[in-house]
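Okay, so here's the structure we're looking at.
What follows draws every value from the coordinates through simple rules; no lab data is involved. All values derive from a computational prediction rather than experimental measurement. Every residue, glycine among them, receives a Cβ derived from its backbone with ideal geometry; neighbour counts consider all protein chains shown.
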Amino acid sequence: MGKLWGGRFTKQTNHLVDEYTASIGFDQALAEEDIQGSLAHVTMLGKCGIVPQEDVETIKAGLQTVLDKIRRGEIEFSVVDEDIHMNVEKNLIAEIGPVGGKLHTGRSRNDQVATDMHLYLRKRVVELAGMLHELQKSLIGQARDNLDTIIPGYTHLQRAQPILFAHHLMAYVSMFQRDIERLMDSYKRINVLPLGAGALAGTTFPIDRHFVAEQLQFDRVYENSLDAVSDRDFIVEFLSHASIIMMHLSRLSEELVLWSSTEFNFIELDDAFCTGSSIMPQKKNPDVPELVRGKTGRVYGNLMGLLTVLKSLPLAYNKDMQEDKEGMFDTVATLEGALQLFAPMIATMKVNKSRMREAVNQDFSNATDIADFLVGKGLPFRQAHEVIGKTVLYCIQQGKYLLDLTMEEFQQFSPLFDDTIYEVLRPETVVNARNVYGGTATDQVAEAIKRGEVLLSMTEQWLAEHV
């Protein structure tokens, strides 16, 4: 059998053109969605009296047979048949005869492939939101276990002020919550049906697009047929959200790599998520976070690639748009792979509390609190800042930390110092002094964990409604 569209042509397509233009090598990933859309479409054709009901039932049975064979790996996809749509239709006709050719009545591959991708992404954003939810649970679990663990907080990768380790982890819970909310919001733009737009102008058949939307559980249909077949905003938006998620994962990865180094020794990743060296037997390498950090670039690239493809395309469909799929599939696979590993890696991470405390005791991250102490005694902040700068310089020159200074040493910089300064400088005091909403004080972080648990419940409800 020749090509299903070959009637107008007088010679066969060059085999190199077949290979170059075919998308079946990657769009076979849309097989389930393609048949799902076809089942709804042919059901509508029967409802509207466009195709006899007997033929509709034959086609539906044939589609199910083709789907079963695809799932069992019994169908060999052909480059000659170009894409998943033509491969499915060719196999359908081989299964049930010429009546299978009626399936394509009232539609084009242009609105068909768009429908497939809407169905595909609709499912994946829910799955990815669920994976982010699991990662949040792991982070909140570690935060709950480390409400008494103090760690140096950094700016410019220099020690700045002591904070709770739980506070640090909850910052990532907030980041991933924004990611979940972006995915949730994108769902309403993904869940729009393009089928029925035809190649670009609609169809002469009296189809019922809203019935198909109901069958496929789409919230609405595209209002404009040109927009329906040429819109890839929903993929661009997904790739943008995915890039932000990977950026967040990459930032956390960098911290895990640093924290697990001998120099920091703040955490130890479970052996199940590390690898060794082929030459250095003592090595334990944090390969998972390193590779997630590295794979972030390919997700950024997929976003920039599609934006570049679309930037000067006239309406409506153009073959350039075939380039929308590989980056989308690759991004989904990259994200899923990272998130599947991150949640258990965080959950099994061991926290070296004593080493974190040692680090806090051996720095000047409590210096700001001395300035605040002097301000409380009536000294203007700028003068207090200068006093503490000189005090820290003295400590560095003497090889001491602030808590090592005697009262006599303190008072050589300001007579306002008294014995209460030693309590002010304790790491626990410094942390709990930040008792403002969103701050690092123990009470505030405990409340943040409670709020995080409420968000987990809300996400679980949304996931249950959209699975």
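Using only Cα atoms, locate the centre of the stretch 394-421 and the centre of the stretch 310-370, then give the distance between them in Å, rounded to an integer. When both Cα centres are located, 43 Å separates them.
What angle do you read, to the nearest 10 degrees and between 0 and 90, between the alpha-carbon axis of helix 84-96 and the longest principal axis of the chain? The answer is roughly 40 degrees. When you work out D = kT/(6 pi eta Rh) for the stretch 367-424 at 20 °C and 1.002 mPa s, using the Kirkwood radius from C-alpha pairs as Rh and the Stokes-Einstein form, the result is 191 µm²/s.
Per residue, the average separation of C-alpha pairs within less than 8 Å and at least 6 apart gives the chain a relative contact order of 17 percent. Compared with the dominant Cα axis of the chain, that is its longest principal axis, helix 287-310 is turned about 50°. Placing +1 on the Cβ of every Lys and Arg and -1 on the Cβ of every Asp and Glu, with no other charges, gives the chain a dipole of roughly 460 debye about its Cα centre.
I need the GluC sites (Glu not before Pro) found in the stretch 157-260, filtered to DSSP loop residues with at most 16 other beta carbons within 10 Å of theirs.
Qualifying residues, ordered by number: E223.
Straight-line reach from K400: taking Cα to Cα under 30 Å and skipping same-chain neighbours fewer than 8 places apart, the lysines in range are K353, K377, K390. Could you calculate the FRET efficiency of A160 with E336 from 1/(1 + (r/R0)^6), where r is the beta carbon distance between them and R0 is 41 Å, rounded to 0.05? After rounding to 0.05, the efficiency reads 0.70. Applying the criteria of a DSSP loop state and at most 11 other Cβ atoms within 10 Å to the trypsin sites (Lys or Arg not before Pro) of the stretch 300-380 yields K311.
What would the Debye formula give as log10 I(q)/I(0) at q = 0.11, 0.13 Å⁻¹ for the alpha-carbon point model of the chain, no solvent? Here log10 of I(q) over I(0) equals -0.94, -1.15. Restricting the stretch 381-467 to chymotrypsin sites (Phe, Trp or Tyr not before Pro) that sit in a DSSP loop and have at most 14 other Cβ atoms within 10 Å of their own Cβ leaves Y437. The spacing between the stretch 155-182 and the stretch 430-458, judged by their C-alpha centroids, is 12 Å.
Sequence-ordered 3J(HN,Hα) estimates for the stretch 196-202 from the Karplus curve with 6.51, -1.76 and 1.60 and θ = phi - 60° stand at x, 7, x, 5, 6, 10, x Hz, glycine and proline given as x. Straight-line reach from K47: taking Cα to Cα under 28 Å and skipping same-chain neighbours fewer than 8 places apart, the lysines in range are K60, K69, K90, K102, K123, K188. Taking amide H as placed 1.01 Å from N in the peptide plane, L193 has its amide H under 5 Å from the amide H of R220, V221, Y222, each at least 5 places away in sequence or on another chain. Excluding same-chain neighbours fewer than eight residues apart, the lysines reachable from K450 by a Cα-Cα span under 22 Å are K137.
Projected onto their three principal axes, the Cα atoms of the stretch 255-310 cover extents of 49, 25, 18 Å, largest first. Dividing the helix sum by the residues of the chain, where each DSSP H run of 4 or more adds -39500 (n - 2.57), gives a mean residue ellipticity at 222 nm of -20000 deg cm²/dmol. For the chain, find the longest principal axis of its Cα atoms and tell me its angle to the long axis of helix 381-398, 0 to 90°, nearest 10. With rounding to tens, the tilt is 80 degrees. The translational diffusion coefficient of the stretch 171-270, from Stokes-Einstein at 20 °C and 1.002 mPa s with a Kirkwood hydrodynamic radius over alpha carbon pairs, comes to 128 µm²/s.
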